Amino acid sequence: MPMVRFTSTMLAALVTAMLGVCLLPLDAEARKSTHREATARTGEFVPFTKSYPRGSIIVVNTERRLYYVLGNGRAIRYPIAIGTPKNQWTGKSFVQAKAKNPSWTPPWNPGHTVPGGPGNPLGVRALYLDWGLYRIHGTNAPGSIGHAASHGCIRMHNHHVKDLYERVHIGAPVFILSSL
């Protein structure tokens, strides 16, 4: 029996006939819209040629950006908020722990804990750095992203920190830089 090769047009016609749905190729504007939606969830896939190991997190204070290194010259770039000028720092760290819906204890009120949830300043996910108090976390103040606004932690949009949380592993190196 001869093998039949289906083209994408033939497959679309077959699915249309079977399901009654028309599958048309995406036009340029629809592709851009689809890319924007994916970027909103995952950050922006960008070229990255610096020599950091795959799986590393690179925070660039001057850019207000976090890069997750994919390897092969690529990274995912996310917008972030960094520490205020007196709370900015640089150095090397690592992801010591990860938490979903983390609770938060204000440094100025150690007897009070805010449970995980919508009112929590840590947002929906947190990556704990080193053995210290600093974290990469979501936020309930999305307007702070792109600014120097925290007490030293790195803030991300909740949908972005969820994406990063799923990608990063415990022990991943974290590099906090003034500039790239």
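Model label sites at R74 and K50, defined 7 Å from Cα along the beta-carbon direction, differ in position by 2.0 nm. Label 7 Å along Cα→Cβ of A99; the stretch 145-164 residues with amide nitrogen under 14 Å? Label zone hits: none. Which shape class applies to the stretch 86-128: rounded if a/c is under 1.5, otherwise prolate when a/b exceeds b/c and oblate if not, where a ≥ b ≥ c are the square roots of the Cα gyration tensor eigenvalues? Taking the square roots of the gyration eigenvalues as a ≥ b ≥ c, the stretch 86-128 is oblate. If R0 is 22 Å, the Cβ-Cβ spacing of R167 and K92 corresponds to a FRET efficiency of close to 0.70. Remark: the S178-N109 segment gains 21.8 nm on full extension, using 0.36 nm per residue and subtracting the alpha carbon distance. Near R74, the amide H atoms lying under 5 Å from its own belong to F48; only residues 5 or more places off or on other chains count, and H is placed 1.01 Å from N.
Any idea what log10 I(q)/I(0) is at q = 0.19 Å⁻¹ for the stretch 68-180, Debye with uniform C-alpha scatterers and no solvent? So the normalised log intensities are -1.04.
Decide, for the stretch 113-170, between rounded, prolate and oblate: order the square roots of the alpha carbon gyration tensor eigenvalues as a ≥ b ≥ c, take rounded if a/c falls under 1.5, and otherwise choose prolate if a/b is larger than b/c, else oblate. Could the numbers behind the result be given before it?
Numbers: a/c = 1.23, a/b = 1.17, b/c = 1.06.
Here the stretch 113-170 falls in the rounded category.
When all protein chains stay in place and ligands, DNA and RNA are ignored, the 1.4 Å accessible-area order of T105, T139, largest first, is T105, T139.
Measuring with a 1.4 angstrom probe and ignoring ligands and nucleic acids, E44 comes out at about 70 Å² accessible.
The values are calculated or read from the model by the stated rules, or taken from the named source; none is laboratory data. Because the structure is predicted, anything quoted here is derived from the model rather than measured. Glycine also receives a Cβ, built like all others from the backbone with ideal geometry; neighbour counts cover every protein chain displayed. Side chains included, ligands, DNA and RNA excluded: accessible areas come from the protein's heavy atoms. Shrake-Rupley method; radii C 1.70, N 1.55, O 1.52, S 1.80 Å.
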